[in-house]
Each structure stands twice: as C-alpha cells, then as structure tokens.
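Here the structure comes first, spelled out in structure tokens, and everything after it is commentary.
The values are calculated or read from the model by the stated rules, or taken from the named source; none is laboratory data. Small disclaimer: the values here were computed from a predicted structure and weren't measured. Because the Cβ atoms are built from the backbone with ideal geometry, glycine has one as well, and the counts that use them run over all protein chains shown.
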C-alpha cells in the first residue's frame, strides 16, 4: 500500500462508520415515524399490507396444506378411540334435537304467518364464502389470521367470519387472493352485540387474552353469568343473531365473555357476504364510514 | 489472482443468505400449526436470526436488511407497521455494541447475551404497544413467547453456524 492509499483508507474508515451509524439511526427514526403514521391514519398501510400478504399467501397456502393433513390425521385417530362414547352421546343428542326440530317447525310456520300479517321486510340474503386459514402469525400482541380468499372470491372488508359454533371475527383487510381476519380477541376488535335474553345492546371488545369484554352497556343493566351474547346487526355489516359467546364472569373488572369459537384449531371458516358490504365500520368504540 | 465474474456472483449469492434465511424465518413464523395457544407464544425466530448474524457476521446483515425484515414481520403478523422494525433494529444495535465483548467468548455467553437482549426487546415492545393501544396489554403470552424464543436460540444458532461453516467462509 502506498502513502496515498493509506491516507484514503484513514479517512474512509471513519466516514464509513459514520455513514453506517447515520443509516442505523435514520432507520430507527423511520420505523418510529411509520408507527406514528399508522396510529394517526390506521388505513395508511392497508393496501401495502394486503399486497405483501397476497404475495406470501401462495407459499403459506402450500405449506399449510400438509400441516392440515397431519392435524386431521391426528384428529381422526383420537376420534376413532372415542367412537363408542361419542356414539352414545350423539344418540342422546339426536333425540333431544328431534324434539327441538318439532318445536322449530311449529315456530317457523307461525313466524311466517305473522310476517305475512305484518308485511315484514326480511334481512338480505347471505352468501357463504368458504376459506382456509393459511396464516396464524399474530404473536403475543396481535390476534389475526390470514385466509386464502380475497376480493376475487367476493370477500369484502368488514364481513363476518364464522364457523358452525359462532362468530370468529371480521375481515380487516382484503387482498386479491388473501384476506386478514381480525379475531374477536384482538385489541382492535369491536363487535356490536345484544344480550340474547334481555335484548340490551353493547359492544364486545377484545383483550388480547382468552376472554372478551362486554362494554358500552347502559349503566343500570345487569348481566349474569350464562347469558348468551349474539351480534346485534347494528352498523349493518354483521347479520343479527350470530352467536358470539357466553357471559362467564361479572365482577369489579367488568363483564367477561367466553367466546364460542376457539380460534386455535380453525382450519376452514366461512366468510358471510351479507350484501350490505360493511356500510359502517365499528372501531375503537366509535363509528366511522368506510370508503 | 483477480476473481472471475462467476466467482463474484457466487460470493454475492452466498453473502445474501443470512438475510434470505432470516426473511424465510419470518414467513415460517406465519404458518398455522393448529396447536391450541401456539400462535400467541410462537417463538420470534427472526429475532434469533438478527441477533446471531449481528454478532457473527455483521457485514452480511446491514441495518437496512433488518429494517426490511421487521416491516415484513409487521405486515404478516398484523402488528402496527414499524414496531417490529424498531424492535429488531434495537436487537441488532445491542448485539453490535456488545460484539467486541462476545469476541472469543463461549457460546453460552452469547446465549446469555441474547436472553437479556430478547427480554429488553419484548418489554419495550409491550410498553410501546400499550401506549399505542392506550391500555395495559395482557402480557402473559409474551412471557411464554420469550421463554420459547430463548430456548430455541441454540437450535437455530447451531444451524446458522453449520451454514456459516459450509457457505460463508471468509476468503
């Protein structure tokens, strides 16, 4: 190395360290700024997020299929072992359901007759879109899932996602072939509900924990453990009467609701196309119009 | 001897692998395993990758790469955009700052270093998110997530070390 090169490297090394440090701090500031922007304008990154999720969706879809198969096989083995008791239980259940069916038939005809008398406007027809859970990545602080159905399948923002047991959550973002499901347990989840027996309106909010919280009830309302909570249909995005959960604890810390659906084992879910396209978005306890 | 064109392409591709591997870890973290409760406590694989490469080959994991990985993690996990980028950059910064201390020390020391860095990062994430949301977030799952991440560190570190020996020898 001659003198010239040596002197260049003597200057260049600190300059490079300085540039690296500058880049590092710049990136930290950028990350913090992104968070601020996201906080002030929650929809800011929606499209970018949907695009990224869309791009990764085929990979997740491919990888999650064999995993689902293994999971199904394990489940099958367990079922085989418990077949006898299951059978007895189902027989008892069927007998009970047959009685309910008779009652339901009677009520249905009665209901129809009464609706005709009142010229009642029925709720719009609902379409079901079946989707597979291909991503479950929330981590400790967010409760979302990625579904393999997107706008090309008819999924729209705000739609309800259900299983046979009840409401799972709502569609938060939609890409072309994938969408993000915001679970009831997420901190950002707010669902307008009623207490089924008393028809009192409230909002079920996620806590990031196992249970949900029933908030925004009128002050003098009493809820008791065991009360069923169903969607109210207010806001127009969710059909009324979807089962959400059951009141488990009523205490100092508020009213806790145990959800009907355990999201951990979800493989296939149904997105409800209610026809109203999520007219009003409920978020953080306030209403706002979506585009 | 001057390196040929293909030699340089080969080296470039190899040098890209620490970033690519960590990137893949983020995607792996998004796969649904259908184990009850697992998604909430799933280890932060990418954090292990970022710490490891910051300690052993910082030249192959620039801050911009860490930033990108963080943003991808935010997008896929549904967290507020920027939070993981911030956390991962802090992990990298902490690892780089202690790099001279780790030099020549045994693996256990590096692991203990990770325990502290990961704990700090998760507590910071919890604080920031609690401020963003405006209420104190339940953090029990984060505790398990921390435990799993720390427990998985030697496994991933071993794989990274083998990778490094096989493909990333300094020439």
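Every residue, every condition in (1) outside any helix (DSSP H, G or I); (2) within 11 Å of chain A (Cβ to nearest Cβ); (3) exposed (fewer than 13 other Cβ atoms within 10 Å of the Cβ), yes or no:
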position: B:116; (1), (2), (3): no, no, yes
position: B:124; (1), (2), (3): no, no, no
position: B:136; (1), (2), (3): yes, yes, yes
position: B:142; (1), (2), (3): no, yes, no
position: B:150; (1), (2), (3): no, no, no
position: B:153; (1), (2), (3): no, no, no
position: B:158; (1), (2), (3): no, no, yes
position: B:161; (1), (2), (3): no, no, no
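Only residues that are surrounded by fewer than 17 Cβ atoms within 10 Å (Cβ to Cβ), within 9 Å of chain B (Cβ to nearest Cβ) and farther than 17 Å from residue A:133 by Cα were counted in the stretch A:43-63, giving 3. What's the number of the only condition in (1) under 21 Å from residue B:137 (Cα atoms); (2) surrounded by fewer than 23 Cβ atoms within 10 Å (Cβ to Cβ); (3) modelled with pLDDT of 85 or more that residue A:212 fails to meet? Only one criterion is unmet by residue A:212, namely (2). Of all residues being touching a residue at least 24 places away in the same chain (Cβ under 8 Å) and over 13 Å from the mean Cα position of the chain (by Cα) in the stretch B:17-36, which is farthest from residue A:57 (Cα to Cα)? Just the residue, please. Taking the candidates together, the pick is B:17.
Kindly establish whether residue A:238 is outside any loop (DSSP other than H, G, I, E, B) and surrounded by 15 or more Cβ atoms within 10 Å (Cβ to Cβ). Criteria not met by residue A:238.
Of the residues examined, residue A:219 is one that is at pLDDT below 90 and out of contact with any helix residue (DSSP H, G or I) (no Cβ under 6 Å at 6 or more places or on another chain).
Among the residues of the stretch A:9-29, those identified as modelled with pLDDT of 90 or more and more than 7 Å from every other protein chain (Cβ to nearest Cβ) are A:25, A:26, A:29. Against the condition without any contact (Cβ under 8 Å) to a residue 24 or more places away in the chain, farther than 16 Å from residue A:136 by Cβ and either more than 7 Å from chain A (Cβ to nearest Cβ) or buried (at least 24 other Cβ atoms within 10 Å of the Cβ) (or both), how does residue B:5 come out, does it pass? The answer is yes for residue B:5. Scanning the stretch A:119-149 for residues that are modelled with pLDDT under 70 and farther than 19 Å from residue A:270 by Cβ gives A:120, A:121, A:122, A:138.
Among the strands (runs of 3 or more DSSP E) confined to the stretch A:70-179, the ones with at least 2 residues that are within 14 Å of another protein chain (Cβ to nearest Cβ), in contact with a helix residue (DSSP H, G or I) (Cβ under 8 Å, 6 or more places away or on another chain) and surrounded by 13 or more Cβ atoms within 10 Å (Cβ to Cβ) are located at A:127-135, A:144-147, A:166-174.
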